[in-house]
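Peer 1: Sharing a structure here in structure tokens format.
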Amino acid sequence: MSATGTPQGPDAVRPVWGLLLVAVLLGAVILAAGVAVAAAVGVLARVGIPQDGPLGLAVVSVAQFTGFGVVAWWFLRIPTVGGVLYRIRPTRADLRWIAVGIAVLLGFFAAANWLLGVLAIESAESVLATQGAEQPIYYLYLIPVTIVLVGPIEELVFRGIIQGLLRESLGTAPAIVAASLIFAGVHVGAYSGGGLGATLVFIAGLGAVLGVLYERSRSVAAVAVVHGLFNALQFAGLYLTSSGAL
């Protein structure tokens, strides 16, 4: 890799090979998540826990991201894939990046929502928000799930593996853009109603912020914590508003 982020030398991942690995990974995580969710639904039915209740929905989320994680772990055993990852183990230096990342994400979130309001652009409805509107405790269940599973696993997959492979194949800037677009595309099913396009652009923007943070910090742990805490803050806010506490 050159100083400008362009892949060079015999160890660089060939563009076609990197793109193929990304495509295979995406297909594998989607398949694994579907299998894990189906298994979780079957278990819930056997033990008598309603699938559409707060606990049942949380269990399904755990199963979905466990499926993601299993595939990511398997892919990391491929030398080419494991070699593109930055540091996984946390260090003290990550604390600064976590503080910066949370501040930037919250600022981006506030600015994007302000802009959508000023331009009167409709945003799509989050499926999670709809599911928790009548059963706010669901949001509380999601807080540990997003900190322990969603943040770490999504960052490992989208920033660590996908952005890493694309960085080695195409260069840093194109990799951040492409990984962010893929990140947004995978979230299509998590939203409904009008304004889906604007919402996906917003998610891609969040992904780009995380992508830049990952390249600057060179730490999977830092972006994983930032992602998990950012989601947790949103769920905490939804719980407070939905439960009438605010």
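The values are calculated or read from the model by the stated rules, or taken from the named source; none is laboratory data. Every value quoted in this text rests on a predicted model; they were computed, and no experiment measured them. Note that we place each Cβ from the backbone using ideal geometry, even for glycine, and neighbour counts take in every protein chain shown.
Peer 1: Polar (S, T, N, Q) and either farther than 24 Å from Val71 by Cβ or buried (at least 24 other Cβ atoms within 10 Å of the Cβ) (or both): is that true of Ser243 in this structure?
Peer 2: On the way: polar (S, T, N, Q): yes; either farther than 24 Å from Val71 by Cβ or buried (at least 24 other Cβ atoms within 10 Å of the Cβ) (or both): yes.
For Ser243, the condition - polar (S, T, N, Q) and either farther than 24 Å from Val71 by Cβ or buried (at least 24 other Cβ atoms within 10 Å of the Cβ) (or both) - is met.
Peer 1: Hey, another quick one. Given the conditions (1) modelled with pLDDT of 95 or more; (2) surrounded by 20 or more Cβ atoms within 10 Å (Cβ to Cβ), and given that Glu168 satisfies all but one, which numbered condition is not satisfied?
Peer 2: Among (1) modelled with pLDDT of 95 or more; (2) surrounded by 20 or more Cβ atoms within 10 Å (Cβ to Cβ), the lone unmet condition for Glu168 is (1).
Peer 1: Is it the case that the range 94-103 has a residue that's of a type in the set (Gly, Ala, Ser), crowded, with 18+ Cβ neighbours inside 10 Å, in contact (Cβ under 8 Å) with a residue 60 or more places away in the chain and over 24 Å from Arg216 (Cα atoms)? Working first, answer last.
Peer 2: Taking the range 94-103 and keeping what is of a type in the set (Gly, Ala, Ser), we get 99, 101, 103.
Checking the rest, the ones that are also crowded, with 18+ Cβ neighbours inside 10 Å come to 101.
Add one more test, that the residue is in contact (Cβ under 8 Å) with a residue 60 or more places away in the chain, and what stays is 101.
Adding the requirement that they be over 24 Å from Arg216 (Cα atoms) leaves none.
Scanning the range 94-103 turns up no residue that is of a type in the set (Gly, Ala, Ser), crowded, with 18+ Cβ neighbours inside 10 Å, in contact (Cβ under 8 Å) with a residue 60 or more places away in the chain and over 24 Å from Arg216 (Cα atoms).
Peer 1: Take Arg159 and tell me if it is among the basic types (Lys, Arg), in a helix (DSSP H, G or I) and surrounded by fewer than 22 Cβ atoms within 10 Å (Cβ to Cβ). If you could, list the steps in order and put the result at the bottom.
Peer 2: Numbers: among the basic types (Lys, Arg): yes; in a helix (DSSP H, G or I): yes; surrounded by fewer than 22 Cβ atoms within 10 Å (Cβ to Cβ): no.
Criteria not met by Arg159.
Peer 1: Next question, about the same structure. Among the residues of the range 66-86 satisfying the criterion of being over 11 Å from Leu156 (Cα atoms) and hydroxyl-bearing (Ser, Thr, Tyr), which is surrounded by the most Cβ atoms within 10 Å (Cβ to Cβ)?
Peer 2: Within the range 66-86, the match that is surrounded by the most Cβ atoms within 10 Å (Cβ to Cβ) is Thr66.
Peer 1: Considering every residue within the range 14-34, establish whether at least one is closer than 28 Å to Gly82 by Cβ and outside any helix (DSSP H, G or I).
Peer 2: Looking only at the range 14-34, we keep the residues that are closer than 28 Å to Gly82 by Cβ, and these are 14-34.
Then keep just the ones that are outside any helix (DSSP H, G or I); that gives 14.
Yes, the range 14-34 contains at least one residue that is closer than 28 Å to Gly82 by Cβ and outside any helix (DSSP H, G or I).
Peer 1: Look through the range 214-234, keep the residues that are crowded, with 23+ Cβ neighbours inside 10 Å and of a type in the set (A, V, I, L, M, F, W, C), and return whichever of them is nearest to Val150 (Cα to Cα).
Peer 2: Within the range 214-234, the match that is nearest to Val150 (Cα to Cα) is Ala224.
Peer 1: Ok, one more. Give the residues of the range 81-97 that are over 10 Å from Gly160 (Cα atoms), touching a strand residue (DSSP E or B) at 6+ places or on another chain (Cβ under 9 Å) and in a loop (DSSP other than H, G, I, E, B), sorted by residue number.
Peer 2: Arg89, Pro90, Thr91
Peer 1: If I ask for residues that are assigned to a loop (DSSP other than H, G, I, E, B) and touching a helix residue (DSSP H, G or I) at 6+ places or on another chain (Cβ under 7 Å), which ones from the range 98-121 would you list?
Peer 2: Ile121
Peer 1: Can you tell me which residues in the range 188-199 are surrounded by fewer than 19 Cβ atoms within 10 Å (Cβ to Cβ) and either at pLDDT 95 or above or of a type outside the set (Val, Ile, Thr) (or both)?
Peer 2: Of all residues in the range 188-199, those surrounded by fewer than 19 Cβ atoms within 10 Å (Cβ to Cβ) come to 188-190, 192-198.
Scanning the range 188-199 gives Gly189, Ala190, Ser192, Gly193, Gly194, Gly195, Leu196, Gly197, Ala198.
Peer 1: Among the listed residues Leu181, Leu142, Leu166, which satisfies the condition of being among the hydrophobic types (A, V, I, L, M, F, W, C), closer than 17 Å to Gln234 by Cβ and in a helix (DSSP H, G or I)?
Peer 2: Working: Leu181 fails: closer than 17 Å to Gln234 by Cβ; Leu166 fails: closer than 17 Å to Gln234 by Cβ.
After applying the criteria, what remains is Leu142.
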